[in-house]
Amino acid sequence: MAVYVRCPNCKNEYNIKHQKCPKCGTPKPRKGNFRIRIVHKGKTIRKLITGITQALAKEIDAKIKQEIIEGMYFEKKQTDMTLNEFFETKYLPVVQGEKKSWYKDLQHYRDHISPFVGEKKPNEISPLDVEKIKKHLADEGKAPRTIEYVLATLRHIINKAKDWGYFEGENPTSKVKKPKADNRRIRFLTKEESSALLAELKRRSQQTYEIAYLSLYTGMRASEIFNLKWSDIDFNNDIIHIKDPKSGENRTAYMTKSIKQLLNERYNRLKPNSDELVFKAKNGGKITRISKAFERAVKKLGLNDGITDPRDKVVFHTLRHTFASWLVMKGTPLYTVKELLGHKTLAMTERYSHLAPDSKRKAVEEVFEKGRQ
C-alpha cells in the first residue's frame, strides 16, 4: 500500500516518502498528481487523483483503506466502468511502463477524447462518436497528422479494453477513415541562415547554442542529445554512441573537428563524471524540452515571418533536416544518410531524394549528347 506522486519534470512516478524525484532530481511538488495503490486479497486497486496536495492524497488513501476494512469498497463491474475510469485505473498505469510517449496518450485523451466519450462505457462508443471527434479536431484546425494520432490513441485504448475483457465487438475506430496528408517537414536552412541562427543562439544561451550545433552537424534528435552521457562520447575515435533512440536501434554519430572541440571545451569547463549527462536542466536533471531561447532566436531573425504552413516553419527539428539535406545535396548516397539519421526504412529518407544531384539526367546527356552529329 502506497501513495505515489508524479514528477512535473520527467513524469516519473515515485513514492511520496522521497523528497525529490529519484530519476531527475526535481523537488517533490506541494500540489500535483498522485496515484494511490492498494493491494487487497490479490487484487490491486489504483486510483489517480490530479491537482491535489500530498496531505489530501494521504487522506484519500486512508479513507479507501478504511472502506476496504469495513467491506464498503469494491470495484465496479467491468460492464459498468466508463472509458474515463478504464483509462485512469487500467490503461494509464500499464502504458506508463510500456510506452516512452505515454504522456502523449494522456494529453490526447484528456484534451480530445474524454470530452466526447469519457463518460460512456467502452461498448457504448460508436463510429459516429469517433467521427465527431475527428470533425471537432478538423474544425479546430488541427493537422491531419495530429488527428491521426488522436484516433490512433483511442484505437489503442479500446484494443486494450478488448484484450483485458472490458470491451466486446469490433473497434469503432476501424469504421472511420484516417485523414491522409503529407505532414513531413521540408524546410531546411541555408548556410547563411544556419550561421545567423547559431550566432544568435550563442548570444542568448551557451547551452542551447551547443545543443543546436550538435544537432546541425550530427543530425541527432533533441531527445538523443538530452540522453547523452559523457561515457557516450569517444574522444579517441571521434564518435558519439547514440543509445536507445526513437528507432530502437543504437547507432553512431561522427564528430567533426568543430564538434570535438566544442565537446572538449565543455568537458574541460565542467569536469564531469563519466556517468553524468552532457547537458543538464537547471535543476541538474535531464532536459525534457528545448529552451525558449531557440524560439526567440528564430523570431528575432524573422525565419518564420509570413509563413503559415507548419511544414515550412523553422523549429529545432529543422536542424536535423538541414544536416540530411546538406549531405544529399553533396551527393551522399541515401542509404548512408538513412544510417546516419537512424531511420528504420529507406522510404523515410527518400523525402530528401529531390535534393540529390540529377545523376540520371547527367548519365543520359553524357551518353547520347556525345553521339549527336
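The values are calculated or read from the model by the stated rules, or taken from the named source; none is laboratory data. Quantities reported herein were computed from a predicted structural model and do not represent experimental measurements. Every residue, glycine among them, receives a Cβ derived from its backbone with ideal geometry; neighbour counts consider all protein chains shown.
Among 113, 158, 133, which is in a helix (DSSP H, G or I), touching a Leu at 6+ places or on another chain (Cβ under 6 Å) and not assigned by TED's automatic domain parsing to the domain that holds residue 323? Within the list 113, 158, 133, the selection yields 113.
Just one of the listed residues (152, 161) is without any contact (Cβ under 8 Å) to a residue 24 or more places away in the chain and of a type outside the set (Val, Ile, Thr), namely 152. The number of residues in segment 338-357 that are in a helix (DSSP H, G or I) and among the β-branched types (Val, Ile, Thr) comes to 1. Counting only helices (runs of 4 or more DSSP H) that fall entirely inside segment 183-269 and contain at least 3 residues that are of a type in the set (Gly, Ala, Ser), the qualifying elements are 191-204.
So for segment 169-177 (the condition being assigned by TED's automatic domain parsing to the domain that holds residue 99, modelled with pLDDT of 90 or more, hydrophobic (A, V, I, L, M, F, W, C) and closer than 26 Å to residue 85 by Cβ), does at least one residue qualify? Among the residues of segment 169-177, at least one is assigned by TED's automatic domain parsing to the domain that holds residue 99, modelled with pLDDT of 90 or more, hydrophobic (A, V, I, L, M, F, W, C) and closer than 26 Å to residue 85 by Cβ, which makes the answer yes.
Looking at segment 13-21, is at least one residue touching a Lys or Arg at 6+ places or on another chain (Cβ under 7 Å), on the phi < 0 side of the Ramachandran plot, buried (at least 17 other Cβ atoms within 10 Å of the Cβ) and assigned to a loop (DSSP other than H, G, I, E, B)? No.
Taking segment 301-360 as the range and being modelled with pLDDT of 90 or more and either polar (S, T, N, Q) or touching a Cys at 6+ places or on another chain (Cβ under 8 Å) (or both) as the test, the residues that pass are 304, 318, 322, 325, 332, 336.
Looking at 263, 201, just one residue is among the aliphatic types (A, V, I, L, M) and more than 16 Å from residue 322 (Cβ to Cβ), and that residue is 263.
Are any residues in segment 75-93 hydrophobic (A, V, I, L, M, F, W, C) and either closer than 14 Å to residue 165 by Cβ or outside any helix (DSSP H, G or I) (or both), and if so, which ones?
81, 86
Residue 210 passes every criterion in (1) surrounded by fewer than 20 Cβ atoms within 10 Å (Cβ to Cβ); (2) at pLDDT 95 or above; (3) of a type in the set (Asp, Glu) apart from (1).
In segment 110-133, the residue that is nearest to residue 156 (Cα to Cα) out of those that are of a type in the set (D, E, K, R) and within 22 Å of the chain's Cα centre (by Cα) is 110.
Can you tell me which residue within segment 161-182, out of those that are part of a helix (DSSP H, G or I) and of a type in the set (S, T, N, Q), is surrounded by the fewest Cβ atoms within 10 Å (Cβ to Cβ)? So, considering only residues that are part of a helix (DSSP H, G or I) and of a type in the set (S, T, N, Q), the one surrounded by the fewest Cβ atoms within 10 Å (Cβ to Cβ) is 174.
Scanning for something within 16 Å of residue 320 (Cα to Cα), within 23 Å of the chain's Cα centre (by Cα) and in contact (Cβ under 8 Å) with a residue 24 or more places away in the chain, does segment 225-237 turn up at least one residue? Yes, some residue in segment 225-237 is within 16 Å of residue 320 (Cα to Cα), within 23 Å of the chain's Cα centre (by Cα) and in contact (Cβ under 8 Å) with a residue 24 or more places away in the chain.
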